[in-house]
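The values are calculated or read from the model by the stated rules, or taken from the named source; none is laboratory data. For clarity, every value in this text was computed on a predicted model and none was experimentally measured. Methodologically, a virtual Cβ is constructed for each residue, glycine included, from the backbone with ideal geometry; neighbour enumeration extends over all protein chains shown. The area values use the complete protein model at the heavy-atom level, side chains included, leaving out ligands, DNA and RNA. Shrake-Rupley method; radii C 1.70, N 1.55, O 1.52, S 1.80 Å.
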Amino acid sequence: MQDKKIPKTKPELLESIMTDSKNLSTVSILFHQTIADRLGLHITDHKCVDFLFTQGPQTAGEISKSMGLSTGAVTSLIDRLEKKGLVERKNDPNDRRKVRIFLTQDMAAMQKIGGLFEGLAKSVWEHLSAYTAEELKVILDYTRKSIRIMEEEREKLLQNRPDV
């Protein structure tokens, strides 16, 4: 894909950022689907592993709420990940009535997953390294605010589900 020319006016810049943000979202989803395919996982399973990696051990109910899935879907998801050797169910050390889902200590599996992201991480790091510290602050601000907006809009959609 060749670089597009940078618009000159603020309205054109806003329109381009909106369009390119949508395109980035689509390409990100397709990238993660490709990762999931390589790992023999559903994309939801792959993102659950990522969620557990970033958020730490969770109960099935917490996974259900965070990912917007039914408890039945989460049970099936956990079963699939357990069969792949990626997660294990363990009693919560603070409340033995609860069961938490932990990533396994299977380093080979984690290295395989991490290895699939190496090229992307290297390319993004190199790309970002070309910006000044002040430019990076603007990019970081945009990224963090975009995440917050997306979370807020998702929550609105979850709260206003039509009866099916």
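In table form, for the structure just shown:
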item	result
Solvent-accessible area of residue 66 with every protein chain in place, 1.4 Å probe, in Å² to the nearest 10	50
Semi-axis lengths, Å, the range 29-74, gyration tensor of Cα atoms, sqrt of 5 times eigenvalues	20, 12, 8
Nearest-ten-degree value, helix 10-39 long axis tilted from longest Cα axis of the chain	30
Alpha-carbon centroids, the range 94-164 and the range 36-76: separation in whole Å	13
12 Å beta-carbon shell around residue 41, net charge (K/R +1, D/E -1)	+3
Largest-first principal axis extents, alpha carbons of the chain, Å	59, 43, 30
Accessible-area order (highest first, 1.4 angstrom probe) of the listed residues 43, 6, 35, 29	6, 29, 43, 35
Within-12-Å neighbourhood charge of residue 138 [Cβ basis; K, R +1; D, E -1]	0
Max mean-square fluctuation residue, GNM over the chain, Cα-Cα springs under 10 Å, options 77, 116, 103	116
Using alpha-carbon coordinates, inclination of helix 107-129 to the longest axis of the chain, degrees	20
Calculated P(r) of the range 73-149 - Cα pairs past 17 Å, %	68
Net charge of neighbours whose Cβ lies under 14 Å from the Cβ of residue 31, counting Lys and Arg as +1 and Asp and Glu as -1	-1
Inverse mean reciprocal Cα-Cα distance (Kirkwood Rh) of the range 43-105, Å	11.5
Cα long-axis angle, helix 71-83 against the chain (0 to 90 degrees, to the nearest 10)	80
